[in-house]
């Protein structure tokens with residue numbers, strides 16, 4: 001019994017000291033691991049365009065965060081300028097007759113189409129053109145009536161052939177004058193036989209340049225009124 005007790009005491013004490021030494025080494029190793037990871041986290045890569053400031057940095061005292069508010073900056077320079085429409089997409093409308101604008105049918109910013117009335121102009125040229133058409137029409141009717149009468153008289157041998165030829169010549173001149181007056185009125189955009197001193201300015205048609213082997217065709221032109229003004233045309 002005595003030999004058993006003396007042998008058992010050292011056998012139970014040795015494992016206890018070994019466990020204590022193992023625990024001390026394990027704790028020291030964990031502490032070394034935590035100390036080695038701290039510098040890696042502090043020197044982690046910062047994304048491009050981002051600035052990071054540590055919480056304990058004194059730079060934070062000079063940083064202030066505020067909401068963005070509108071403000072007026074000081075004018076650096078004042079330069080003269082003018083806003084103009086794009087000339088590549090602009091058509092300048094002019095009147096073929098002289099006169100005074102009495103009414104504007106459109107305003108700035110209105111969308112217009114080809115042939116739409118833009119303004120009404122009181123013009124002596126328009127009155128002259130329409131009067132020429134009316135006079136030419138009257139002369140044409142009278143000349144053809146005289147030709148019909150001269151033809152009937154010649155068939156009954158009442159007048160000479162010379163008189164018949166004169167009536168035909170008068171009728172031909174009347175037709176030419178009527179065509180001239182009508183063409184002039186059509187060029188001005190009047191197209192009427194009644195005498196009037198009011199000219200209606202309309203949106204124009206665009207005529208593209210002719211291509212090789214192609215005929216020139218008028219294209220309808222639509223757009224927006226950029227600027228309108230009353231006064232002389």
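The values are calculated or read from the model by the stated rules, or taken from the named source; none is laboratory data. Note that the structure is a prediction, hence the values are computed from the model and not measured. Ideal geometry is used to build each Cβ from the backbone, glycine not excepted, and the neighbour counts take in all protein chains shown.
Tell me whether the range 148-168 contains one or more residues that are under 47 Å from the mean Cα position of the chain (by Cα) and either under 23 Å from residue 103 (Cβ atoms) or touching a residue at least 12 places away in the same chain (Cβ under 8 Å) (or both).
As a first pass, look at the range 148-168 and keep what is under 47 Å from the mean Cα position of the chain (by Cα): none.
The answer is no; no qualifying residue exists.
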Qualifying residue in the range 64-74 (condition: within 30 Å of residue 186 (Cα to Cα) and surrounded by fewer than 10 Cβ atoms within 10 Å (Cβ to Cβ)): no
Which listed residue, of 137, 118, is part of a strand (DSSP E or B) and either in contact (Cβ under 8 Å) with a residue 40 or more places away in the chain or surrounded by 15 or more Cβ atoms within 10 Å (Cβ to Cβ) (or both): 118
Flag for residue 177 being in a helix (DSSP H, G or I) and out of contact with any helix residue (DSSP H, G or I) (no Cβ under 8 Å at 6 or more places or on another chain): no
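Say whether the condition of being closer than 30 Å to residue 196 by Cβ and either at pLDDT below 50 or surrounded by 10 or more Cβ atoms within 10 Å (Cβ to Cβ) (or both) is met by at least one residue in the range 79-93.
yes
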Any hit, the range 99-106, residues being more than 30 Å from residue 175 (Cβ to Cβ), in a loop (DSSP other than H, G, I, E, B) and either under 29 Å from the mean Cα position of the chain (by Cα) or free of Cβ contacts under 8 Å to residues at least 12 places away in the same chain (or both): yes
Residue within the range 155-173 that is at negative phi, buried (at least 17 other Cβ atoms within 10 Å of the Cβ), assigned to a loop (DSSP other than H, G, I, E, B) and at pLDDT 90 or above present: yes
Candidates 48, 16 - the one that is loosely packed, with under 10 Cβ neighbours inside 10 Å, assigned to a helix (DSSP H, G or I), at pLDDT below 85 and more than 28 Å from the chain's Cα centre (by Cα): 16
Given (1) under 30 Å from residue 90 (Cα atoms); (2) surrounded by 13 or more Cβ atoms within 10 Å (Cβ to Cβ); (3) without any contact (Cβ under 8 Å) to a residue 12 or more places away in the chain, number of the condition residue 183 does not satisfy: (2)
Residues of the range 184-214 classified as at positive phi and modelled with pLDDT of 70 or more, total: 1
